[in-house]
There are 4 protein chains.
Amino acid sequence: MINNSEIAEKLLKAWRFFYDKNYVDGFGHISARTADPNRMLISRHSLGKNVTREDFVVVDLDGNQIGTSAALPGELPIHSEIYRSRPDVGSISHFHNTFATSFTMTSQELRPTYFPAAIFRDGIPIHPDSRLVNSSERGRALAATLKNHRAALLKAHGVVVTGRDVEEMVAASFILEDNAHRTWLAASMGDVQYISDEALLEIEAEVLKSRGPLKRIWAMCEEHSHNIEP
Amino acid sequence: MINNSEIAEKLLKAWRFFYDKNYVDGFGHISARTADPNRMLISRHSLGKNVTREDFVVVDLDGNQIGTSAALPGELPIHSEIYRSRPDVGSISHFHNTFATSFTMTSQELRPTYFPAAIFRDGIPIHPDSRLVNSSERGRALAATLKNHRAALLKAHGVVVTGRDVEEMVAASFILEDNAHRTWLAASMGDVQYISDEALLEIEAEVLKSRGPLKRIWAMCEEHSHNIEP
Amino acid sequence: MINNSEIAEKLLKAWRFFYDKNYVDGFGHISARTADPNRMLISRHSLGKNVTREDFVVVDLDGNQIGTSAALPGELPIHSEIYRSRPDVGSISHFHNTFATSFTMTSQELRPTYFPAAIFRDGIPIHPDSRLVNSSERGRALAATLKNHRAALLKAHGVVVTGRDVEEMVAASFILEDNAHRTWLAASMGDVQYISDEALLEIEAEVLKSRGPLKRIWAMCEEHSHNIEP
Amino acid sequence: MINNSEIAEKLLKAWRFFYDKNYVDGFGHISARTADPNRMLISRHSLGKNVTREDFVVVDLDGNQIGTSAALPGELPIHSEIYRSRPDVGSISHFHNTFATSFTMTSQELRPTYFPAAIFRDGIPIHPDSRLVNSSERGRALAATLKNHRAALLKAHGVVVTGRDVEEMVAASFILEDNAHRTWLAASMGDVQYISDEALLEIEAEVLKSRGPLKRIWAMCEEHSHNIEP
């Protein structure tokens with residue numbers, strides 16, 4: 001069973017990767033559930049480019065901090081309420097990515113145009129509330145929008161992406177934004193041709209069986225961290 | 001009360017931040033009012049990437065330079081006339097940012113699509129004169145367009161953003177361009193869905209109460225400067 | 001006759017060039033046929049930013065690895081089936097480039113708008129199958145779509161580009177994405193004006209006679225590698 | 001009177017500036033007329049990122065190289081024929097810039113939307129021939145398209161920009177692409193609002209009287225070179 005130090009190491013790599021890809025840019029936080037399913041490791045408040053394993057702190061699902069006294073993200077309820085309602089979720093990201101979020105500001109739909117995004121084939125709901133998710137009530141409302149989907153968009157605000165573990169959260173977060181980037185390119189030229197439901201079904205099955213594309217994104221994340229380490 | 005050296009330090013951080021984000025690119029100047037409300041600290045003429053606190057010089061609202069003889073921006077009247085007409089303003093930026101300025105070159109409106117831009121909910125007027133604001137008369141005309149708004153666009157030219165202090169000017173300048181970037185992404189895909197007036201009212205109140213998003217942008221600015229210091 | 005070490009050196013330069021231009025980004029592989037026409041040198045599985053000549057390994061067209069035991073790309077059949085059906089092809093790239101691939105997600109056509117792309121004047125077919133090309137059968141289907149063209153797009157997936165040698169593959173891969181970038185810029189402003197068939201015929205002849213534009217792209221690739229070498 | 005070594009120093013700065021702004025990217029050359037009006041200094045063939053003053057060589061308007069034996073750009077006639085027909089021109093650039101060139105691939109017009117581009121208010125003609133300008137005949141045809149304008153677009157190919165000296169060529173090349181970038185942003189959102197003829201007339205007069213915006217772009221170019229020098 002993975003220990004907290006190992007989880008922090010993975011979150012550290014994920015944070016650096018997303019930071020250098022401009023997913024963070026002042027906002028954003030990531031977390032992972034610990035071996036104790038009522039606790040998570042989460043990035044501290046206002047985390048920036050420079051980061052160590054100690055910047056990921058242990059909090060229980062009621063918001064009690066364990067063993068540290070770091071300032072916590074005001075939107076902690078995004079994480080606690082999704083972990084509470086979704087036992088299958090082991091890791092969560094919240095970013096204000098420009099491409100994915102822009103699909104909440106126009107009537108153009110965000111659906112899979114790029115094959116790895118088949119993992120989002122059951123839909124990406126849009127949460128209608130644009131306010132900061134800074135209370136349990138707002139967190140529960142977001143979890144209700146998310147339901148059993150992998151990800152949700154927050155209108156005029158950002159995205160929430162889940163994974164069974166940090167590796168899957170990283171791959172899914174990357175694929176969501178990449179698919180949004182590519183769909184935007186197509187939409188800016190006119191009509192968008194989405195992948196058919198039949199093709200999505202088969203491609204999703206293949207991707208989740210081999211997990212090849214997911215592993216390659218995680219490998220890219222690990223190499224990125226390796227390259228910037230002293 | 002903040003002294004000039006402390007103000008210069010903040011302006012230095014702001015300049016570096018905006019320079020590396022390509023807000024400056026040959027043009028642009030920033031200023032802050034001093035403890036003496038009839039004076040400001042302003043970036044000298046043609047300031048580039050390399051900058052020290054001495055590049056911010058003291059000028060009174062009549063354009064008299066105090067204690068230095070640096071070349072001043074030709075558009076100094078942007079700053080002096082806005083400080084004169086707006087006692088609530090403590091800091092001003094003028095840039096030719098590509099995204100915000102592009103909204104003066106098309107009929108698409110620049111209004112909040114991204115929630116932190118709720119601070120601009122009372123509108124961003126467009127100044128119809130595209131000429132350099134290099135006289136008191138032109139400065140007064142711009143101040144008349146700006147009225148009590150936080151920011152104005154200058155047609156075919158650039159933007160002017162105000163704040164009560166340097167920190168707020170930095171956050172507002174960043175949010176204005178970020179919101180313009182995101183609105184452009186949406187507009188290039190078809191229709192734009194702006195945030196409703198009701199939601200803007202509530203979100204603005206929350207943002208200005210906690211000042212959370214504003215503080216995080218300033219934290220990002222400070223970390224940027226910290227990372228490039230020798 | 002060029003030996004494997006020299007081919008690996010060229011592939012190394014090509015990889016670094018495309019990596020730093022963000023053609024790779026987690027996915028992508030390149031290869032070149034050896035002096036023995038039944039063998040190729042191909043980038044190993046999940047190759048990233050850091051690369052040496054040893055990352056290019058010898059495989060025969062039946063997928064047998066010669067002298068190494070590296071993990072191979074799952075989409076090896078892209079390369080083996082095209083080499084088998086196209087004796088004129090000496091080098092192949094497969095990327096998920098954002099601009100070229102986006103033309104499989106909209107009804108806007110990818111045809112030459114920029115003069116060096118005259119080398120693609122006989123058309124760039126779109127392969128209708130978006131799945132990973134991870135079997136001989138799928139590889140043969142792709143080769144059947146490609147026919148005698150220089151390049152093909154894979155719907156919702158990526159591109160395949162061929163060349164008589166590594167230099168030509170590099171130039172053609174660069175021109176394909178550059179032409180897609182420029183066509184996207186035009187398309188996002190409204191209608192696209194493609195180059196006329198008469199002009200394409202003459203320009204292609206000139207480009208292939210002097211090979212000037214192709215040589216300059218290869219020179220740019222070589223200089224890039226020279227600049228990053230220790 | 002400026003000597004060749006001083007001209008080479010200015011061209012060196014211009015080249016580095018444009019190279020790092022991605023104007024060059026494999027293609028492009030720049031030149032300046034010498035004190036002897038029948039000669040020019042021009043960047044040698046296939047010049048890349050690494051450049052010294054010796055990479056700018058003396059050639060007369062008949063294409064004879066003076067004192068060196070460097071490979072010359074195949075499109076030397078762009079420069080020689082424009083210098084021959086336009087005694088007022090002291091410096092020329094030829095690039096394949098993505099934004100400006102894209103306006104030859106769509107019916108959207110490239111006209112001033114950004115105030116410094118008032119210097120192009122008399123129009124930017126489009127040369128209809130997309131072929132390399134590698135003969136005197138083609139060079140004369142291009143000069144005939146250019147007439148007395150500051151710049152011309154080459155259909156499906158690139159741009160040619162002139163200036164009375166290197167400083168003005170640099171500023172005009174920068175403003176042309178910047179205005180194209182901004183016009184593209186506006187066009188991708190719908191309609192474009194160009195600056196009125198009356199405003200253009202007044203703004204051009206102001207810009208050419210003070211030369212302020214031109215000097216600031218040259219200052220940015222000089223600082224760029226200063227920052228990368230050893």
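The values are calculated or read from the model by the stated rules, or taken from the named source; none is laboratory data. Small disclaimer: the values here were computed from a predicted structure and weren't measured. Reconstructed Cβ throughout: ideal geometry from the backbone, glycine too, with neighbour counts over all protein chains shown. With ligands, DNA and RNA removed, areas are computed over all heavy atoms of the protein, side chains included. Shrake-Rupley method; radii C 1.70, N 1.55, O 1.52, S 1.80 Å.
A count restricted to segment C:203-230 and to residues that are more than 22 Å from D:K49 (Cα to Cα) and not charged (D, E, K, R) stands at 5. The condition of being within 14 Å of chain D (Cβ to nearest Cβ), within 30 Å of A:L132 (Cβ to Cβ) and among the aromatic types (F, W, Y) does not hold for B:F115. Within segment A:173-189, the set of residues being without any contact (Cβ under 8 Å) to a residue 60 or more places away in the chain and either away from every other protein chain (no Cβ under 13 Å) or within 28 Å of B:A118 (Cβ to Cβ) (or both) comprises just one member, A:S188. Is it the case that D:H127 is more than 20 Å from B:F99 (Cβ to Cβ) and within 10 Å of chain C (Cβ to nearest Cβ)? Against the criterion (more than 20 Å from B:F99 (Cβ to Cβ) and within 10 Å of chain C (Cβ to nearest Cβ)), D:H127 does not qualify.
If only residues of segment A:120-138 that are part of a helix (DSSP H, G or I) and open to solvent by 10 Å² or more (accessible area, probe 1.4 Å) are counted, the one that is farthest from A:I92 (Cα to Cα) is A:E137. The sole residue among D:V159, D:V192 that is within 14 Å of chain B (Cβ to nearest Cβ), within 30 Å of B:L185 (Cβ to Cβ) and in contact (Cβ under 8 Å) with a residue 60 or more places away in the chain is D:V192.
Being within 20 Å of C:R140 (Cα to Cα), in a loop (DSSP other than H, G, I, E, B), in contact (Cβ under 8 Å) with a residue 12 or more places away in the chain and open to solvent by less than 50 Å² (accessible area, probe 1.4 Å), is that true of even one residue in segment C:76-84? No, segment C:76-84 contains no residue that is within 20 Å of C:R140 (Cα to Cα), in a loop (DSSP other than H, G, I, E, B), in contact (Cβ under 8 Å) with a residue 12 or more places away in the chain and open to solvent by less than 50 Å² (accessible area, probe 1.4 Å). Just one of the listed residues (B:T101, B:T106) is within 14 Å of chain D (Cβ to nearest Cβ) and not in a helix (DSSP H, G or I), namely B:T106.
The condition (being aliphatic (A, V, I, L, M), in contact with a strand residue (DSSP E or B) (Cβ under 6 Å, 6 or more places away or on another chain), crowded, with 23+ Cβ neighbours inside 10 Å and under 26 Å from D:L200 (Cβ atoms)) is satisfied by just one residue among D:A32, D:A117, D:A100: D:A100. Applying the set (1) at pLDDT below 95; (2) open to solvent by less than 50 Å² (accessible area, probe 1.4 Å) to D:H45 leaves exactly one unmet item: (2). Within segment C:210-228, the set of residues being open to solvent by less than 50 Å² (accessible area, probe 1.4 Å) and either more than 7 Å from chain D (Cβ to nearest Cβ) or over 30 Å from C:K13 (Cβ atoms) (or both) comprises C:R211, C:P213, C:L214, C:W218, C:C221, C:H224, C:S225.
For segment A:195-204, give me the residue count where each residue is among the charged types (D, E, K, R), at the interface with chain C (Cβ under 8 Å from one of its Cβ atoms) and buried (at least 16 other Cβ atoms within 10 Å of the Cβ). Qualifying residue count for the region: 0. Screening C:A70 with (1) over 25 Å from C:R164 (Cβ atoms); (2) touching a strand residue (DSSP E or B) at 6+ places or on another chain (Cβ under 9 Å); (3) assigned to a helix (DSSP H, G or I) gives one miss only, at (3). Each residue in segment B:1-26 was checked for being assigned to a loop (DSSP other than H, G, I, E, B) and open to solvent by 10 Å² or more (accessible area, probe 1.4 Å), and 8 of them qualify.
The residues listed here are A:N148, A:N179; of these, the one that is over 21 Å from A:G26 (Cα atoms) and in a helix (DSSP H, G or I) is A:N179.
Screening the candidates D:V207, D:V192, D:V160, D:V170 for the property of being open to solvent by less than 10 Å² (accessible area, probe 1.4 Å), modelled with pLDDT of 95 or more and not in a helix (DSSP H, G or I) yields one hit, D:V160. Against the criterion of being over 28 Å from C:A186 (Cα atoms), without any contact (Cβ under 8 Å) to a residue 40 or more places away in the chain and assigned to a strand (DSSP E or B), A:A141 does not qualify.
Within segment A:33-50, is even one residue in a helix (DSSP H, G or I), farther than 22 Å from A:D88 by Cα and not basic (K, R)? No, there is no match, as no residue in segment A:33-50 is in a helix (DSSP H, G or I), farther than 22 Å from A:D88 by Cα and not basic (K, R).
Among the residues examined, D:L146 qualifies as closer than 29 Å to C:R111 by Cα, touching a residue at least 60 places away in the same chain (Cβ under 8 Å) and more than 14 Å from chain B (Cβ to nearest Cβ).
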